[in-house]
Amino acid sequence: MFSPQWTPQSQFAGYYVAQAKGFYKEVGLDIVIDHPSASNPALNRLREGSSHVITLQLVQAIKYIDQGISLVNILQTSQQSSLMIVPRRKDIRTLQDLNGKKVGIWKAGFGEPAQILANRQKLDIRWIPFVSNVNLFISGAIDATLATSYNEYLQILACGIQPEHVFYLADLGYDIPEDGLYVTADYYDTHRCELQAFAEASRRGWEWAAAHPEEALTIVMEEVRRHHVGTNKVHQKRMLDNILHLQHRRNGSSPAFELSPEDVEKASDLLLDAGLIRNKITYRQITGQP
């Protein structure tokens, strides 16, 4: 059982492709993709054993490991941060202009790098939680919002709003990779061969999606319709293009599909310095090396 961390969308295209094209079956795996709900997120399913593999962001994984949840990364798809701060007001031109402003942040988390940035810049930001859309931003109820370049920002542009100034965290020294595949350390120790096969078939799915983006989009839309997700093909195409771009390291010619020790150290140091974790999490620890 495999659970991405959110509802069906192009963010998980490679896994849908691997299932639809039979890549999992070719390595002897019968994979069920089971998306989580707000009341039972992917991590809960992993901990209770109803899911064996989940997607998770690196920052979240490090925090959970520090809390005593032993996790192992078996494949890293994201190599760049997608996180950005998008102003609603035209008079927000610098980070200091965010001082005293209301800024949207996901209720489920994911915004820690932006919060650390704000603390380091000594910005008095009023963080306003939202669940999954940009309604607060569009209505003008908040002054700015956190967004991912592959989802919320695209929604904002689709509504006809063209922000004059956006702040990419990757350009501000907070380029922390995001999505990867995670399992519990216990499951990793007892199912290494199966997990290696799953990771390799998933990687093949992503590589196929990159080589055949239109066909991959068709597979994504079939998954979207099956789960009655409110979206459209144009948005999902833009999301897929962006997700595939984020799988390349900066100035990299091809996706790496693995964590780098430097990125783990950077993320861990960032969280440790901010007091969000108590112990430094190492590359060997998060990759299950003895």
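The values are calculated or read from the model by the stated rules, or taken from the named source; none is laboratory data. Everything quoted here is computed from the prediction, not taken from an experiment. Cβ coordinates were reconstructed from backbone atoms using ideal geometry, including for glycine residues, and neighbour counts include every protein chain displayed. Remember, those area values only see protein heavy atoms, side chains included, never the ligands or the DNA or RNA. Shrake-Rupley method; radii C 1.70, N 1.55, O 1.52, S 1.80 Å.
Of the residues making up the stretch 115-148, those that are in a helix (DSSP H, G or I) and open to solvent by 70 Å² or more (accessible area, probe 1.4 Å) are Asn119, Arg120, Asn135, Ser139.
Taking the criterion of being open to solvent by 10 Å² or more (accessible area, probe 1.4 Å) and in contact with a strand residue (DSSP E or B) (Cβ under 7 Å, 6 or more places away or on another chain), the residues of the stretch 54-74 that qualify are Leu56, Gln57, Tyr64, Ile65, Ser70, Asn73, Ile74.
Condition check ((1) of a type in the set (S, T, N, Q); (2) in contact with a Leu (Cβ under 8 Å, 6 or more places away or on another chain)) across all residues:
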residue: Asn133; (1), (2): yes, no
residue: Asp143; (1), (2): no, yes
residue: Ile161; (1), (2): no, no
residue: Asp175; (1), (2): no, yes
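Looking at the stretch 170-177, can you tell me whether even one residue there is touching a residue at least 12 places away in the same chain (Cβ under 8 Å) and β-branched (Val, Ile, Thr)? Scanning the stretch 170-177, I find at least one residue that is touching a residue at least 12 places away in the same chain (Cβ under 8 Å) and β-branched (Val, Ile, Thr), so the answer is yes. Condition (residue is modelled with pLDDT of 95 or more and either in contact with a His (Cβ under 8 Å, 6 or more places away or on another chain) or within 20 Å of Ala211 (Cβ to Cβ) (or both)) applied to the stretch 27-38: is it met by at least one residue? Yes: one or more hits. Across the stretch 124-164, which residue is farthest from the chain's Cα centre (by Cα) among those that are polar (S, T, N, Q) and over 17 Å from Gly230 (Cα atoms)? Here the answer is Ser139.
All conditions but one from (1) at pLDDT 95 or above; (2) in contact with a Ser or Thr (Cβ under 9 Å, 6 or more places away or on another chain) apply to Val183; the one that does not is (2).
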